[in-house]
Amino acid sequence: MSVLFWVIAMASFATVAFLTYGVLSYCNNRKMVRDRFKQVSTDAMPLINRGEGNSLKKQFLHWISSLGHYAVDNKQDDSELRQSLIQAGFRHPKGTAIYFGLRFLLALLLPVIYLVANVMNGIMDRGNLLFCFLLAGAGFYVGPYLLRFITSRRQDRIDKALPDVLDLLIVCMEAGLSLQATINRVSDEVKGINTDLYRELQLTNAELRTGISREVALRNLGERTGVQNVRALVGLMIQSDRMGASIVQALRTHASFLRVQRSQKAEERAAKLPVKILFPLLLFIFPAIFVVVMGPAVIKLSKIAFFAG
(Lines give C-alpha, C1' and ligand atoms only; values in the text may rest on other atoms or scores of the structure.)
Protein backbone atom coordinates (compact mmCIF):
# COMPACT_ATOMS: atom_id res chain seq x y z
CA MET A 1 0.00 0.00 0.00
CA SER A 2 2.83 2.36 0.85
CA VAL A 3 4.63 1.60 -2.43
CA LEU A 4 1.46 2.37 -4.39
CA PHE A 5 1.06 5.59 -2.45
CA TRP A 6 4.61 6.73 -3.29
CA VAL A 7 4.17 5.81 -6.95
CA ILE A 8 0.95 7.87 -7.14
CA ALA A 9 2.62 10.78 -5.33
CA MET A 10 5.67 10.78 -7.64
CA ALA A 11 3.46 10.53 -10.72
CA SER A 12 1.33 13.44 -9.51
CA PHE A 13 4.41 15.53 -8.76
CA ALA A 14 5.94 14.78 -12.19
CA THR A 15 2.65 15.64 -13.92
CA VAL A 16 2.30 18.98 -12.11
CA ALA A 17 5.98 19.81 -12.72
CA PHE A 18 5.87 19.05 -16.46
CA LEU A 19 2.56 20.88 -16.81
CA THR A 20 3.99 23.95 -15.05
CA TYR A 21 7.14 23.80 -17.19
CA GLY A 22 5.05 23.58 -20.37
CA VAL A 23 2.87 26.54 -19.41
CA LEU A 24 5.90 28.68 -18.50
CA SER A 25 7.71 27.74 -21.72
CA TYR A 26 4.62 28.60 -23.77
CA CYS A 27 4.25 31.98 -22.06
CA ASN A 28 7.95 32.71 -22.47
CA ASN A 29 7.87 31.89 -26.21
CA ARG A 30 4.83 34.09 -26.73
CA LYS A 31 6.56 36.91 -24.84
CA MET A 32 9.66 36.57 -27.05
CA VAL A 33 7.50 36.68 -30.19
CA ARG A 34 5.64 39.78 -28.96
CA ASP A 35 8.91 41.50 -28.09
CA ARG A 36 10.32 40.67 -31.53
CA PHE A 37 7.28 42.14 -33.33
CA LYS A 38 7.30 45.17 -31.03
CA GLN A 39 10.99 45.70 -31.76
CA VAL A 40 10.41 45.52 -35.53
CA SER A 41 7.51 47.96 -35.38
CA THR A 42 8.95 50.52 -32.97
CA ASP A 43 12.76 50.26 -33.14
CA ALA A 44 13.24 51.45 -36.70
CA MET A 45 16.44 53.46 -36.53
CA PRO A 46 16.37 56.81 -38.32
CA LEU A 47 19.26 57.80 -40.54
CA ILE A 48 19.87 60.96 -38.49
CA ASN A 49 19.01 61.27 -34.82
CA ARG A 50 17.88 64.86 -34.49
CA GLY A 51 17.00 64.61 -30.79
CA GLU A 52 13.44 66.00 -30.92
CA GLY A 53 12.56 64.13 -27.74
CA ASN A 54 15.01 66.07 -25.56
CA SER A 55 14.59 69.82 -25.97
CA LEU A 56 17.30 70.64 -23.42
CA LYS A 57 19.85 68.54 -25.28
CA LYS A 58 18.75 70.10 -28.56
CA GLN A 59 19.19 73.62 -27.19
CA PHE A 60 22.60 72.76 -25.75
CA LEU A 61 23.81 71.31 -29.07
CA HIS A 62 22.47 74.36 -30.91
CA TRP A 63 24.34 76.67 -28.54
CA ILE A 64 27.56 74.65 -28.83
CA SER A 65 27.30 74.57 -32.63
CA SER A 66 26.90 78.35 -32.69
CA LEU A 67 30.24 78.65 -30.85
CA GLY A 68 32.15 76.61 -33.42
CA HIS A 69 30.20 77.56 -36.55
CA TYR A 70 32.94 79.75 -38.02
CA ALA A 71 35.88 77.57 -36.98
CA VAL A 72 36.21 75.63 -40.26
CA ASP A 73 36.67 77.72 -43.39
CA ASN A 74 38.10 75.12 -45.76
CA LYS A 75 35.50 72.74 -47.16
CA GLN A 76 38.08 69.99 -47.59
CA ASP A 77 39.06 70.17 -43.93
CA ASP A 78 35.38 70.17 -43.00
CA SER A 79 34.73 67.01 -45.04
CA GLU A 80 37.75 65.26 -43.53
CA LEU A 81 36.66 66.15 -40.01
CA ARG A 82 33.10 65.04 -40.75
CA GLN A 83 34.44 61.71 -42.00
CA SER A 84 36.45 61.32 -38.80
CA LEU A 85 33.37 62.09 -36.70
CA ILE A 86 31.32 59.54 -38.66
CA GLN A 87 33.99 56.90 -38.08
CA ALA A 88 33.80 57.72 -34.37
CA GLY A 89 30.01 57.24 -34.44
CA PHE A 90 28.84 60.89 -34.42
CA ARG A 91 26.44 61.64 -37.27
CA HIS A 92 24.85 64.92 -36.24
CA PRO A 93 24.30 67.31 -39.19
CA LYS A 94 26.24 70.03 -37.34
CA GLY A 95 28.89 67.65 -36.07
CA THR A 96 31.92 69.74 -37.06
CA ALA A 97 30.51 72.90 -35.48
CA ILE A 98 29.64 71.01 -32.29
CA TYR A 99 33.15 69.52 -32.24
CA PHE A 100 34.88 72.92 -32.35
CA GLY A 101 32.33 74.37 -29.95
CA LEU A 102 33.13 71.66 -27.41
CA ARG A 103 36.85 72.32 -27.82
CA PHE A 104 36.30 76.03 -27.21
CA LEU A 105 34.06 75.32 -24.21
CA LEU A 106 36.61 72.93 -22.71
CA ALA A 107 39.39 75.49 -23.21
CA LEU A 108 37.26 78.02 -21.35
CA LEU A 109 36.00 75.83 -18.52
CA LEU A 110 39.31 74.35 -17.34
CA PRO A 111 40.95 77.72 -16.48
CA VAL A 112 37.73 79.03 -14.93
CA ILE A 113 37.40 75.99 -12.67
CA TYR A 114 41.06 76.28 -11.68
CA LEU A 115 40.74 80.01 -10.88
CA VAL A 116 37.55 79.49 -8.88
CA ALA A 117 39.26 76.76 -6.84
CA ASN A 118 42.25 79.02 -6.16
CA VAL A 119 40.04 81.97 -5.18
CA MET A 120 38.11 79.79 -2.75
CA ASN A 121 41.40 78.61 -1.21
CA GLY A 122 42.85 82.11 -1.18
CA ILE A 123 45.83 81.30 -3.40
CA MET A 124 46.47 83.77 -6.23
CA ASP A 125 49.81 84.58 -7.90
CA ARG A 126 51.39 84.90 -11.36
CA GLY A 127 52.04 81.17 -11.57
CA ASN A 128 48.30 80.58 -11.49
CA LEU A 129 47.80 82.74 -14.58
CA LEU A 130 50.51 80.86 -16.44
CA PHE A 131 48.93 77.56 -15.45
CA CYS A 132 45.55 78.87 -16.68
CA PHE A 133 47.02 79.49 -20.14
CA LEU A 134 48.42 75.96 -20.12
CA LEU A 135 45.04 74.54 -19.13
CA ALA A 136 43.31 76.52 -21.89
CA GLY A 137 45.72 75.17 -24.50
CA ALA A 138 45.38 71.64 -23.17
CA GLY A 139 41.59 71.90 -23.19
CA PHE A 140 41.54 73.08 -26.80
CA TYR A 141 44.05 70.58 -28.19
CA VAL A 142 42.89 67.51 -26.25
CA GLY A 143 39.85 67.19 -28.56
CA PRO A 144 41.65 65.47 -31.50
CA TYR A 145 43.26 62.95 -29.14
CA LEU A 146 39.91 62.11 -27.57
CA LEU A 147 38.32 61.77 -31.00
CA ARG A 148 41.15 59.49 -32.14
CA PHE A 149 40.78 57.39 -28.99
CA ILE A 150 37.00 57.01 -29.41
CA THR A 151 37.44 56.10 -33.09
CA SER A 152 40.07 53.49 -32.26
CA ARG A 153 37.91 51.88 -29.58
CA ARG A 154 34.90 51.76 -31.93
CA GLN A 155 36.94 50.26 -34.75
CA ASP A 156 38.33 47.62 -32.39
CA ARG A 157 34.79 46.64 -31.34
CA ILE A 158 33.70 46.34 -34.97
CA ASP A 159 36.82 44.35 -35.88
CA LYS A 160 36.26 41.86 -33.05
CA ALA A 161 32.62 41.24 -34.00
CA LEU A 162 33.29 40.93 -37.75
CA PRO A 163 34.06 37.15 -37.97
CA ASP A 164 30.82 36.23 -36.17
CA VAL A 165 28.86 38.58 -38.42
CA LEU A 166 30.44 36.93 -41.46
CA ASP A 167 29.26 33.52 -40.24
CA LEU A 168 25.71 34.86 -39.93
CA LEU A 169 25.94 36.37 -43.41
CA ILE A 170 27.09 33.01 -44.82
CA VAL A 171 24.26 31.09 -43.11
CA CYS A 172 21.58 33.53 -44.30
CA MET A 173 22.84 33.67 -47.89
CA GLU A 174 23.13 29.88 -48.08
CA ALA A 175 19.52 29.70 -46.88
CA GLY A 176 18.46 31.60 -50.02
CA LEU A 177 18.08 35.17 -48.77
CA SER A 178 19.13 38.08 -50.92
CA LEU A 179 21.92 40.41 -49.86
CA GLN A 180 19.53 43.12 -48.65
CA ALA A 181 17.41 40.64 -46.67
CA THR A 182 20.58 39.07 -45.28
CA ILE A 183 21.94 42.41 -44.06
CA ASN A 184 18.58 43.24 -42.48
CA ARG A 185 18.37 39.87 -40.73
CA VAL A 186 21.97 39.90 -39.50
CA SER A 187 21.69 43.46 -38.20
CA ASP A 188 18.73 42.42 -36.03
CA GLU A 189 20.71 39.46 -34.68
CA VAL A 190 23.84 41.45 -33.77
CA LYS A 191 22.00 44.31 -32.09
CA GLY A 192 22.57 42.91 -28.62
CA ILE A 193 26.17 41.91 -29.39
CA ASN A 194 27.63 44.95 -31.13
CA THR A 195 25.62 48.16 -31.38
CA ASP A 196 28.13 49.89 -33.66
CA LEU A 197 28.00 47.19 -36.32
CA TYR A 198 24.22 47.01 -35.98
CA ARG A 199 23.89 50.70 -36.82
CA GLU A 200 26.25 50.45 -39.77
CA LEU A 201 24.36 47.50 -41.23
CA GLN A 202 21.05 49.30 -40.68
CA LEU A 203 22.38 52.32 -42.57
CA THR A 204 23.58 50.09 -45.40
CA ASN A 205 20.17 48.44 -45.56
CA ALA A 206 18.49 51.86 -45.61
CA GLU A 207 20.72 52.96 -48.49
CA LEU A 208 19.84 49.82 -50.44
CA ARG A 209 16.13 50.46 -49.83
CA THR A 210 16.42 54.01 -51.17
CA GLY A 211 17.74 52.75 -54.51
CA ILE A 212 21.47 53.22 -54.09
CA SER A 213 23.45 50.62 -55.99
CA ARG A 214 24.95 47.69 -54.11
CA GLU A 215 28.51 48.73 -54.89
CA VAL A 216 28.06 52.29 -53.61
CA ALA A 217 26.27 51.13 -50.45
CA LEU A 218 29.01 48.64 -49.63
CA ARG A 219 31.74 51.19 -50.27
CA ASN A 220 29.94 53.64 -47.97
CA LEU A 221 29.94 50.93 -45.30
CA GLY A 222 33.71 50.62 -45.54
CA GLU A 223 34.23 54.40 -45.47
CA ARG A 224 31.92 54.91 -42.48
CA THR A 225 33.64 52.31 -40.33
CA GLY A 226 37.23 52.99 -41.38
CA VAL A 227 38.18 49.42 -40.43
CA GLN A 228 40.70 47.83 -42.77
CA ASN A 229 39.10 44.37 -42.57
CA VAL A 230 35.68 45.81 -43.42
CA ARG A 231 37.15 47.62 -46.42
CA ALA A 232 38.82 44.42 -47.57
CA LEU A 233 35.54 42.55 -47.15
CA VAL A 234 33.65 45.20 -49.12
CA GLY A 235 36.21 45.10 -51.94
CA LEU A 236 36.00 41.30 -52.02
CA MET A 237 32.20 41.33 -52.23
CA ILE A 238 32.20 43.98 -54.97
CA GLN A 239 34.80 42.07 -56.97
CA SER A 240 32.87 38.79 -56.60
CA ASP A 241 29.67 40.50 -57.71
CA ARG A 242 31.38 41.98 -60.80
CA MET A 243 32.98 38.70 -61.80
CA GLY A 244 29.84 36.65 -61.16
CA ALA A 245 31.55 34.49 -58.53
CA SER A 246 29.96 33.13 -55.39
CA ILE A 247 29.77 35.74 -52.66
CA VAL A 248 29.25 33.02 -50.05
CA GLN A 249 32.57 31.38 -50.88
CA ALA A 250 34.31 34.75 -50.73
CA LEU A 251 32.75 35.44 -47.33
CA ARG A 252 33.79 32.04 -46.03
CA THR A 253 37.37 32.56 -47.19
CA HIS A 254 37.51 36.01 -45.62
CA ALA A 255 36.04 34.71 -42.34
CA SER A 256 38.71 32.02 -42.07
CA PHE A 257 41.38 34.62 -42.86
CA LEU A 258 40.07 36.90 -40.09
CA ARG A 259 40.16 34.07 -37.57
CA VAL A 260 43.74 33.22 -38.52
CA GLN A 261 44.61 36.92 -38.20
CA ARG A 262 42.95 37.08 -34.78
CA SER A 263 44.91 34.04 -33.54
CA GLN A 264 48.14 35.57 -34.86
CA LYS A 265 47.42 38.82 -33.00
CA ALA A 266 46.78 36.84 -29.81
CA GLU A 267 50.09 35.00 -30.26
CA GLU A 268 51.86 38.31 -30.86
CA ARG A 269 50.43 39.77 -27.66
CA ALA A 270 51.39 36.64 -25.73
CA ALA A 271 54.94 36.91 -27.07
CA LYS A 272 55.16 40.55 -25.92
CA LEU A 273 53.93 39.70 -22.44
CA PRO A 274 57.31 38.69 -20.89
CA VAL A 275 58.88 41.98 -21.97
CA LYS A 276 55.95 44.05 -20.68
CA ILE A 277 55.89 42.28 -17.32
CA LEU A 278 59.63 42.77 -16.74
CA PHE A 279 59.42 46.30 -15.28
CA PRO A 280 56.45 45.60 -12.93
CA LEU A 281 58.29 42.46 -11.83
CA LEU A 282 61.46 44.39 -10.99
CA LEU A 283 59.71 47.36 -9.37
CA PHE A 284 56.91 45.71 -7.37
CA ILE A 285 57.17 41.93 -7.12
CA PHE A 286 60.88 41.37 -6.50
CA PRO A 287 61.12 43.91 -3.62
CA ALA A 288 58.20 42.21 -1.86
CA ILE A 289 59.86 38.80 -2.34
CA PHE A 290 63.15 40.15 -0.95
CA VAL A 291 61.39 41.56 2.10
CA VAL A 292 59.64 38.24 2.78
CA VAL A 293 62.78 36.13 2.22
CA MET A 294 65.48 38.36 3.71
CA GLY A 295 63.40 40.07 6.40
CA PRO A 296 63.59 37.32 9.05
CA ALA A 297 67.34 36.87 8.44
CA VAL A 298 67.96 40.61 8.82
CA ILE A 299 65.94 40.72 12.04
CA LYS A 300 67.82 37.72 13.43
CA LEU A 301 71.21 39.20 12.50
CA SER A 302 70.28 42.52 14.11
CA LYS A 303 69.30 40.73 17.33
CA ILE A 304 72.61 38.78 17.36
CA ALA A 305 74.56 41.99 16.79
CA PHE A 306 72.59 43.74 19.55
CA PHE A 307 73.27 41.00 22.13
CA ALA A 308 76.91 40.67 21.03
CA GLY A 309 77.44 44.37 21.47
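Please verify whether the range 187-200 includes one or more residues that are without any contact (Cβ under 8 Å) to a residue 12 or more places away in the chain, in a helix (DSSP H, G or I), under 21 Å from Gln249 (Cα atoms) and not acidic (Asp, Glu).
No - not one qualifying residue is present in the range 187-200.
Look at Met243 and say whether it is hydrophobic (A, V, I, L, M, F, W, C), within 30 Å of Asp164 (Cβ to Cβ) and modelled with pLDDT under 85.
yes
Can you work out which of the residues in the range 193-232 that are among the hydroxyl-bearing types (Ser, Thr, Tyr) and surrounded by 18 or more Cβ atoms within 10 Å (Cβ to Cβ) is farthest from the chain's Cα centre (by Cα)? It would help to see each step written out before you state the result.
So the first thing to find is which residues in the range 193-232 are among the hydroxyl-bearing types (Ser, Thr, Tyr), and the list is 195, 198, 204, 210, 213, 225.
Narrowing further to those that are surrounded by 18 or more Cβ atoms within 10 Å (Cβ to Cβ): 198, 204, 225.
On the way: Tyr198: 11, Thr204: 19, Thr225: 12 Å.
Selected residue: Thr204.
Determine, yes or no, whether Leu146 is part of a helix (DSSP H, G or I), under 17 Å from the mean Cα position of the chain (by Cα) and over 30 Å from Gly235 (Cβ atoms).
Yes; evaluated as a whole, the condition is true for this residue.
Residues Leu169, Leu162, Leu177: which one is closer than 30 Å to Ile212 by Cβ and assigned to a loop (DSSP other than H, G, I, E, B)?
That would be Leu177, the only listed residue that is closer than 30 Å to Ile212 by Cβ and assigned to a loop (DSSP other than H, G, I, E, B).
Looking only at the range 106-128, which residues are surrounded by fewer than 18 Cβ atoms within 10 Å (Cβ to Cβ) and of a type in the set (Gly, Ala, Ser)? Step through it out loud before you land on a result.
Going residue by residue through the range 106-128, those that are surrounded by fewer than 18 Cβ atoms within 10 Å (Cβ to Cβ) are 108-109, 112-128.
Within the range 106-128, Ala117, Gly122, Gly127 meet the criteria.
Given the condition under 28 Å from the mean Cα position of the chain (by Cα) and part of a helix (DSSP H, G or I), answer yes or no: does some residue in the range 273-285 qualify?
In the first step, residues of the range 273-285 are kept if they are under 28 Å from the mean Cα position of the chain (by Cα); the result is 273, 276-277.
Now drop any that are not part of a helix (DSSP H, G or I), which leaves 273, 276.
So far as the range 273-285 goes, yes, one or more of its residues are under 28 Å from the mean Cα position of the chain (by Cα) and part of a helix (DSSP H, G or I).
Return the residues of the range 83-109 that are among the aliphatic types (A, V, I, L, M) and closer than 18 Å to Asn220 by Cβ; say none if nothing qualifies.
Correct list: Leu85, Ile86, Ala88.
Of the residues Ser302, Ser240, Ser246, only one is polar (S, T, N, Q) and more than 27 Å from Val171 (Cβ to Cβ); which?
Among Ser302, Ser240, Ser246, only Ser302 is polar (S, T, N, Q) and more than 27 Å from Val171 (Cβ to Cβ).
Does Ile98 qualify as being modelled with pLDDT of 85 or more and surrounded by 13 or more Cβ atoms within 10 Å (Cβ to Cβ)? If you could, list the steps in order and put the result at the bottom.
Working: modelled with pLDDT of 85 or more: no; surrounded by 13 or more Cβ atoms within 10 Å (Cβ to Cβ): yes.
For Ile98, the condition - modelled with pLDDT of 85 or more and surrounded by 13 or more Cβ atoms within 10 Å (Cβ to Cβ) - is not met.
Within the range 171-192, which residues are buried (at least 18 other Cβ atoms within 10 Å of the Cβ) and closer than 16 Å to Asp241 by Cβ?
Those that are buried (at least 18 other Cβ atoms within 10 Å of the Cβ) and closer than 16 Å to Asp241 by Cβ: Met173, Leu179, Thr182, Ile183.
Please go through (1) loosely packed, with under 13 Cβ neighbours inside 10 Å; (2) modelled with pLDDT of 80 or more for Arg103 and return the number of the only condition it doesn't satisfy.
Arg103 satisfies all of (1) loosely packed, with under 13 Cβ neighbours inside 10 Å; (2) modelled with pLDDT of 80 or more except (1).
Among the residues in the range 261-269, are any surrounded by 13 or more Cβ atoms within 10 Å (Cβ to Cβ), within 20 Å of Ser152 (Cα to Cα) and either in contact (Cβ under 8 Å) with a residue 60 or more places away in the chain or touching a helix residue (DSSP H, G or I) at 6+ places or on another chain (Cβ under 7 Å) (or both)?
For the range 261-269, residues surrounded by 13 or more Cβ atoms within 10 Å (Cβ to Cβ), within 20 Å of Ser152 (Cα to Cα) and either in contact (Cβ under 8 Å) with a residue 60 or more places away in the chain or touching a helix residue (DSSP H, G or I) at 6+ places or on another chain (Cβ under 7 Å) (or both): present.
The values are calculated or read from the model by the stated rules, or taken from the named source; none is laboratory data. Nothing here was measured: the structure is a model prediction, and the numbers come from that model. Note that each Cβ is placed from the backbone with ideal geometry, even for glycine, and that neighbours are counted across all protein chains shown.
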